[in-house]
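Undergrad: Encoded as structure tokens, here's the structure I'll be asking about.
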Amino acid sequence: MQALVLPVETGDGHRAELIARIPDAPHMRLLWMAGMGLPARHFIPFAEALAARGVAVFLHEWRGIGSSNLRASRASNWGYRELLADMMASEAVAEAHAPGLPRVIGGHSLGGQLSCCRLGLQADAADAVWLVGSGSPYWPTFPTPTRWWLPVVYRFFPWLARRCGYLPGRRLGFGGNEAVGVIQDWSRSALCGRYAARGIDTDLEAGMARFSGDVRRVNFRDDWLAPASSGQYLAGKLCSAQAETVELDAATLGAVADHYAWMKAPEAVAAFLANNDKP
């Protein structure tokens with residue numbers, strides 16, 4: 001297995017590193033997007049578990065996080081449009097290092113949402129999408145009592161981000177220090193249930209509906225940040241796709257079945273995604 005760190009440049013001054021784990025004879029290629037505020041390196045155990053199963057894995061780094069040369073501030077702002085452009089730059093690097101393979105994109109949490117938005121821009125950008133602990137933030141898709149207070153949060157976060165020049169997520173315990181534009185695009189989808197972004201004229205929802213590849217989803221039994229109902233709502237936007245879902249509990253994972261613990265115990269998730277084996 002090759003362990004590589006590859007430079008990626010978007011063309012607007014953003015630079016980051018793409019972490020790769022490439023087995024000797026891969027049978028598919030995955031571009032993986034982390035959850036909000038999470039550096040790509042946190043998913044190296046997951047990448048290695050998949051590479052052991054024949055998947056060439058490329059871990060994308062979000063703008064403003066980890067190896068990215070930018071940090072969100074009043075003077076440095078971006079939204080989903082720029083994040084999607086960064087994804088496409090990583091796609092090109094992944095294709096150059098593992099060409100001609102079936103293409104999978106996917107992600108954890110917000111990373112899964114942005115993977116779906118990538119398909120909204122171009123429905124044939126991938127042959128399959130993998131969603132792990134990922135669901136729409138749309139407030140009615142959450143069970144009570146969570147749904148009662150979520151709209152308040154979704155209005156407060158953009159206000160706070162504008163006031164500070166960025167969302168101080170590290171202090172809040174939610175995500176990282178996020179750009180104002182990202183929080184505005186995220187909160188819009190959370191309040192209205194539809195994906196759109198400043199500067200993108202394409203109807204993302206229509207593009208998602210045209211995707212006809214495979215969808216594999218992993219839910220976690222005790223994940224209140226992405227409950228099964230929100231995951232189903234997100235996957236429902238890929239209405240032309242063939243979907244298969246598994247819900248994992250603590251006994252199967254060997255870890256707490258919440259939003260984050262699986263990253264340190266990724267074997268059950270990797271087994272389902274790569275081999276279609278239900279644990």
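Undergrad: What number, rounded to the nearest 500 deg cm²/dmol, is the helix-based mean residue ellipticity at 222 nm of the chain, given -39500 (n - 2.57) per DSSP H run of at least four residues and division by all its residues? Display every interim value, and only then the final one.
TA: On the way: 10 runs with 103 residues, N = 279.
Here the helix-only value at 222 nm equals -11000 deg cm²/dmol.
Undergrad: Please arrange Phe58, Phe157 by how many other C-beta atoms lie within 10 Å of their C-beta, fewest to most. Walk me through the numbers on the way to the answer.
TA: Details: Phe58 26, Phe157 21.
Lowest to highest Cβ neighbour count: Phe157, Phe58.
Undergrad: While we're on this one: So if the hydrodynamic radius of the stretch 78-196 is defined as the Kirkwood radius over C-alpha pairs, what does Stokes-Einstein give as its diffusion coefficient at 37 °C and 0.692 mPa s, in µm² per second? Spell out each step's value before the answer.
TA: Values: Rh = 15.5 Å.
Reported coefficient: 212 µm²/s.
Undergrad: Per Stokes-Einstein, at 20 °C and 1.002 mPa s, what whole-number D in µm² s⁻¹ belongs to the chain, with the Kirkwood radius over Cα pairs as the hydrodynamic radius? Each step should come with its number before you reach the end.
TA: Values: Rh = 18.6 Å.
Calculated translational D: 115 µm²/s.
Undergrad: With no solvent and one equal point scatterer placed on each C-alpha of the stretch 139-215, evaluate the Debye formula and give log10 I(q)/I(0) for q = 0.11, 0.13, 0.21, 0.22 Å⁻¹, two decimals.
TA: For the stretch 139-215, the Cα-only Debye profile gives -0.36, -0.50, -1.00, -1.04.
Undergrad: Using bins 5 angstrom wide from zero, how does P(r) for the stretch 177-279 break down, in % of all Cα pairs?
TA: 2, 11, 17, 18, 18, 16, 12, 4, 1, 0
Undergrad: What per residue convex hull volume, in Å³, do the alpha-carbon atoms of the stretch 40-140 yield? Please list the in-between numbers first.
TA: Details: hull volume 12.7 nm³, N = 101.
It comes to 126 Å³ per residue, whole-number rounded.
Undergrad: Next question, about the same structure. Could you grab the relative contact order for the stretch 2-275? Cα pairs under 8 Å, six or more apart, rounded to a whole percent. Let's see the in-between values first.
TA: On the way: 617 pairs, mean separation 53.9, N = 274.
With pairs under 8 Å counted, the relative contact order is 20 percent.
Undergrad: Putting +1 on Lys and Arg Cβ atoms and -1 on Asp and Glu Cβ atoms, find which of Leu84, Pro266, Ala20 reaches farthest to the positive end of the dipole of the chain.
TA: My answer, from the dipole projection, is Leu84.
Undergrad: Provide Arg103, Arg170 in ascending order of the number of other Cβ atoms located within 10 Å of each residue's Cβ, fewest first. Could the numbers behind the result be given before it?
TA: Values: Arg103 20, Arg170 12.
Starting with the residue having the fewest Cβ neighbours, the order is Arg170, Arg103.
Undergrad: Next up: Going by C-beta contacts inside 10 Å, put Lys237, Lys264 in order with the fewest on the left. Before the final figure, lay out each step's value.
TA: Working: Lys237 23, Lys264 12.
Ascending Cβ contact count within 10 Å gives the list Lys264, Lys237.
Undergrad: A further question on this structure: Among DSSP beta bridges whose residues both lie in the stretch 2-275, state the antiparallel percentage, nearest 5. Provide the component values of the computation, followed by the final result.
TA: Values: 14 of 42 bridges.
Beta bridges within the stretch 2-275, antiparallel portion: roughly 35 percent.
Taken together, the values in this text are just the output of simple stated rules run on the coordinates, not laboratory data. These numbers were taken from a predicted model, which means no experiment stands behind them. All Cβ positions, even for glycine, are placed from backbone atoms using ideal geometry, and neighbour counts span all protein chains on display.
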